[in-house]
1. If you check residue 68 against the conditions, is it more than 23 Å from residue 175 (Cα to Cα) and either without any contact (Cβ under 8 Å) to a residue 12 or more places away in the chain or surrounded by 24 or more Cβ atoms within 10 Å (Cβ to Cβ) (or both)?
2. Here are some conditions: (1) touching a residue at least 40 places away in the same chain (Cβ under 8 Å); (2) in a loop (DSSP other than H, G, I, E, B). Residue 249 meets all but one. Which one does it not meet?
3. What pairs can you find where one residue is in region 37-65 and assigned by TED's automatic domain parsing to the domain that holds residue 102 and under 23 Å from residue 93 (Cβ atoms), the other is surrounded by fewer than 15 Cβ atoms within 10 Å (Cβ to Cβ) and modelled with pLDDT under 70, and their Cβ atoms are less than 6 Å apart, with a gap of 6+ or different chains?
4. Would you mind finding the one in 275, 284, 293 that is in contact with a strand residue (DSSP E or B) (Cβ under 6 Å, 6 or more places away or on another chain), in the same structural domain as residue 226 (by TED's automatic domain parsing) and either modelled with pLDDT of 95 or more or crowded, with 18+ Cβ neighbours inside 10 Å (or both)?
5. Within region 262-377, considering only strands (runs of 3 or more DSSP E) that don't extend past its boundaries, which have at least 2 residues that are over 23 Å from the mean Cα position of the chain (by Cα)?
6. Give the number of residues within region 182-214 that are in a helix (DSSP H, G or I), out of contact with any helix residue (DSSP H, G or I) (no Cβ under 8 Å at 6 or more places or on another chain) and either under 26 Å from residue 348 (Cβ atoms) or at pLDDT 95 or above (or both).
7. Kindly check whether there is at least one residue in region 252-269 that is surrounded by fewer than 18 Cβ atoms within 10 Å (Cβ to Cβ), touching a helix residue (DSSP H, G or I) at 6+ places or on another chain (Cβ under 8 Å) and in contact (Cβ under 8 Å) with a residue 60 or more places away in the chain.
8. Return yes when residue 225 is at pLDDT 95 or above and farther than 19 Å from residue 276 by Cα and no when it is not.
């Protein structure tokens, strides 16, 4: 029996962990014992606990409760807490997701004491070193025993950085591996698509018509903490909504709500911009399934829009999911009013195609089997 520690701290990681936990329960219960450590990076109940409840993820064995803080302070607290748990308990490896401070902290803490690191969503690159997430993902990839890439583009990024020819050897004498496993979020989207309908009535509650509204999400600090950028995005949403007579559903991240409540933005939003509380997993799933178009600065929501064959305006200067853009299913508009409105018009006025790019919805099983093969069953 192999013991693995899954480390999570933010909403997307909790959701991704559901795919792994489900695969352990359904396919590897006699071979893998999974424990979960929650760093407490997201501590708001609407942004964290609700996802455990909805997705049936086992409650965390550990919760560091680090809360918010500067990158350095938050990461340092996580490293210290994770290291203490790894020293006190034997684990054959840790599973990390994505690119948050929790990801970075887990990679540093485990690698320093020679616990194998398995990084899910390895190889993603925005090539923007001003993004904290880019730093986190690059460092984690370098410290990982297995880099689980969700797409061929991610594999190609790792190849270009020399991962395929790396001479790095870990304490167990094994070399780093790169695996194109597919995307665990595609696993989840397919698995939960029908279940979501039974767990939320948000479409009816908001009196929405399928394919007749825009779903928008804004949460990245370079958008929320910059009044000019946030105002440009909100003005574009407002004008599009009024010109096309189409409602915009905006589940508001706590950070964004706080800024708006502080009157930092000089804009009067029309009634057609409908601000809601942060959406639960099932709620966002249903909102994505039924939207006409998605406008977001979230990497996860970009992908989920693609899974449900919805075009996406990307409210960032770059994206890690370049496949979406290359296939014309998404357009990078940043926080530029003209680019946002032009991208919207182009995506709603022209047909969009959605090829299968993110695996076969069995990524979690492939990941766990690869880990077992690496560790030696």
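1. So residue 68 fails the test.
2. So residue 249 meets the others, but not (2).
3. none
4. From the options 275, 284, 293, the qualifying one is 293.
5. 273-276
6. Of the residues in that region, 2 qualify.
7. Checked against the condition, which is being surrounded by fewer than 18 Cβ atoms within 10 Å (Cβ to Cβ), touching a helix residue (DSSP H, G or I) at 6+ places or on another chain (Cβ under 8 Å) and in contact (Cβ under 8 Å) with a residue 60 or more places away in the chain, region 252-269 yields at least one hit.
8. Criteria not met by residue 225.
The values are calculated or read from the model by the stated rules, or taken from the named source; none is laboratory data. Predicted, not measured: the structure shown is a model, and the values here were computed from it. Because the Cβ atoms are built from the backbone with ideal geometry, glycine has one as well, and the counts that use them run over all protein chains shown.
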